[in-house]
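To start, the structure under review is shown below, and the notes come after it.
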Amino acid sequence: IDFDLILENVKDLNVLAGEGISQIQHTPGGARLRQPEPLPLTLYQNGIVMCNGAFRPYEDPSTQQCLQDIMDGYFPSELQTRYPDGV
């Protein structure tokens, strides 16, 4: 696992997701600025925790796929059901 590549690609993906850019959210009384919701990712020596979920060891195939997606420069494919319209 190339942790340097993961960290670099996470930074790039954060920019693509709109990090630091506010969006207008219309409300019944007008509008307000809204920041994109962050998706926490914590890397450990022996696994990861994503979106405040359960600990996932690196040996787990779904963890390997998630990290491979990130190393390839893509958002993890497992997030497609949570964000069907994209970021």
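Data for the structure
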read-out: Sulfur and carbon atoms: percent of accessible area, the chain [1.4 Å]; value: 53 percent
read-out: Relative contact order of the chain, defined on C-alpha pairs under 8 angstrom at six or more residues apart (%); value: 22 percent
read-out: Between 0 and 90°, nearest 10: helix 3-16 axis offset from the chain longest Cα axis; value: 20 degrees
read-out: Positive dipole terminus of the chain, leading residue within Gln45, Leu5, Leu79 (C-beta point charges); value: Leu79
read-out: Solvent exposure of the stretch 3-82 as accessible area per residue, Å², 1.4 Å probe; value: 71 Å²
read-out: Rounded if a/c under 1.5, otherwise prolate or oblate - the stretch 8-55, Cα gyration tensor axes; value: oblate
read-out: Simple Cβ-charge dipole of the chain, Lys/Arg +1 and Asp/Glu -1, about Cα centre, in debye nearest 20; value: 520 debye
read-out: On Cα atoms only, tilt of 61-71 relative to the major axis of the chain in degrees; value: 60 degrees
read-out: Cα-based shape type of the chain, given that a ≥ b ≥ c are square roots of the gyration tensor eigenvalues and the cut on a/c is 1.5; value: prolate
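The values are calculated or read from the model by the stated rules, or taken from the named source; none is laboratory data. Because the structure is a prediction, the values reported are computed rather than measured. Methodologically, a virtual Cβ is constructed for each residue, glycine included, from the backbone with ideal geometry; neighbour enumeration extends over all protein chains shown. Note: areas computed on protein heavy atoms with side chains; ligands, DNA, RNA excluded. Shrake-Rupley method; radii C 1.70, N 1.55, O 1.52, S 1.80 Å.
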